[in-house]
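Engineer: Take a look at the following structure, please.
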There are 2 protein chains.
Amino acid sequence: MSDRVPVLKIGQVLLVSIQVDLEDQVVLDLQDDLAERIVATGANGVVIDITALEIVDSFVGRMLANTAAISRMLDAETVVVGMRPAVAITLVELGLSLGGVRTALTLEKGLALLERDRTARTGRP
Amino acid sequence: MSDRVPVLKIGQVLLVSIQVDLEDQVVLDLQDDLAERIVATGANGVVIDITALEIVDSFVGRMLANTAAISRMLDAETVVVGMRPAVAITLVELGLSLGGVRTALTLEKGLALLERDRTARTGRP
């Protein structure tokens, strides 16, 4: 079976829901897939849902920051949603502030954030 | 008796008033409580009132910066209010500029600042 993380499309946004253990190859595959899909679809937003992650380490923290940086390079804004309180605390303790990665509490709020962004950038909904 | 610092809710804002000596465990408990409450309530702002603090050291300075970073990770903006002149001077002397932490002179001004922020971000009050 494949351990690839699926990339779903909702309107102009790509949604990635992290539910498996993030081993190196899984992360590399995900970044490849996501970059391909951003270019193929012209999506201008990426939502990474980490509700299922109960703990993070510096590897996961870097993965989130890197994935956001890759997406930004392809002109898509990233929002991380579903972060648990303990995860936020660990990230700060690790000295990872996820610079440049925006967060929202829920998928709904994340999508609304990207929607507002798009409206602000393009002047139309 | 518990030495936990209470976290109060005013509309969309959580209010923390520091009135006890900040020992390590108190700070850790406060960060836990605050992170939990941000996620549970969906609050988008945090006000930390330090009127009662007559002196600060680098431990307190780092606590303020870390608490703000954790809140930001959970999509809530932090404002520190009630800073005494001597405290501001000490923080600068310690080389702690509280990067990324906003300040306001009074609780009222802090709440108004968060309110303006929210209006700017969401386009509605």
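Engineer: How crowded by other chains is A:92-101, given as the mean number of beta carbons from other chains within 10 Å of each beta carbon? Could the numbers behind the result be given before it?
Structural biologist: Details: counts 11, 5, 0, 2, 2, 6, 3, 0, 0, 1.
The per-residue average across the peptide is 3.
Engineer: For the stretch B:40-84, which residues drop by 50 square angstrom or more in accessible area between the chain on its own and all protein chains together (1.4 Å probe)?
Structural biologist: Hits at the 50 Å² cut-off: B:Ile70, B:Met73, B:Leu74, B:Asp75.
Engineer: Now for a separate question. Which order do the peptides B:103-111, A:75-83, B:73-81, B:52-60 take when ranked by the mean count of other beta-carbon atoms within 10 Å per residue, highest first? It would help to have the intermediate numbers written out before the result.
Structural biologist: Numbers: B:103-111: 15.9, A:75-83: 22.2, B:73-81: 24.0, B:52-60: 13.9.
The most tightly packed comes first, giving B:73-81, A:75-83, B:103-111, B:52-60.
Engineer: Just the projected area, averaged over all directions, of the convex hull on the alpha carbon atoms of the stretch B:7-122: how many nm²?
Structural biologist: Numbers: hull surface 26.1 nm².
Its Cα hull, projected and averaged over all orientations, spans 6.5 nm².
Engineer: Same structure again: Roughly what % of DSSP beta bridges within the protein assembly as shown run antiparallel, to the nearest 5?
Structural biologist: Working: 8 of 34 bridges.
So the antiparallel bridges in the protein assembly as shown amount to around 25 percent.
Engineer: How much of the accessible area of the stretch A:7-122, probe 1.4 Å, is carbon plus sulfur, in whole percent?
Structural biologist: Details: 2920 of 5490 Å².
Using a 1.4 Å probe with all protein chains present, the stretch A:7-122 comes out at 53 percent carbon and sulfur.
Engineer: Where does the protein assembly as shown land at 222 nm, in deg cm²/dmol rounded to the nearest 500, when only DSSP H runs of n ≥ 4 count, each adding -39500 (n - 2.57), divided by all residues? If you can, show how the numbers build up before the last one.
Structural biologist: Details: 8 runs with 118 residues, N = 250.
Result for the protein assembly as shown, helices only: -15500 deg cm²/dmol.
Engineer: Relative contact order of the stretch A:7-122, please, whole-number percent, based on alpha carbon pairs below 8 angstrom and at least 6 residues apart.
Structural biologist: On the way: 163 pairs, mean separation 30.1, N = 116.
The value is 26 percent.
Engineer: How big a patch of accessible area, both sides summed and in Å² to the nearest 100, lies buried between A and B at a 1.4 Å probe? Show your work: numbers first, answer last.
Structural biologist: On the way: alone 7070 and 7070 Å², together 12870 Å².
Between A and B, the summed buried area is about 1300 Å².
Engineer: What Kirkwood Rh does the protein assembly as shown have if only Cα atoms enter the pairwise 1/r average? Answer in Å.
Structural biologist: On the way: mean 1/r = 0.0519 Å⁻¹.
Computed over the protein assembly as shown, the radius equals 19.3 Å.
Engineer: Sticking with this one: Sorted from shortest, what are the nm distances separating the label point of B:Thr51 from equivalent points in the other copies, each placed 7 Å from Cα along Cα to C-beta?
Structural biologist: 4.0
Engineer: Across 5 Å bins from the origin, how do the percents of Cα pairs in the stretch A:49-94 run, short distances first?
Structural biologist: 5, 21, 29, 24, 13, 7, 0
Engineer: Taking a probe of 1.4 Å, how large is the accessible area per residue of chain B, in Å²? Intermediate results must be reported in sequence, preceding the final value.
Structural biologist: On the way: 6460 Å² over 125 residues.
Solvent-accessible surface per residue comes out at 52 Å².
The values are calculated or read from the model by the stated rules, or taken from the named source; none is laboratory data. None of the values given here were measured: they were computed from a predicted structure. Note: ideal-geometry Cβ built from the backbone for every residue, glycine included; neighbour counts use all protein chains shown. With ligands, DNA and RNA removed, areas are computed over all heavy atoms of the protein, side chains included. Shrake-Rupley method; radii C 1.70, N 1.55, O 1.52, S 1.80 Å.
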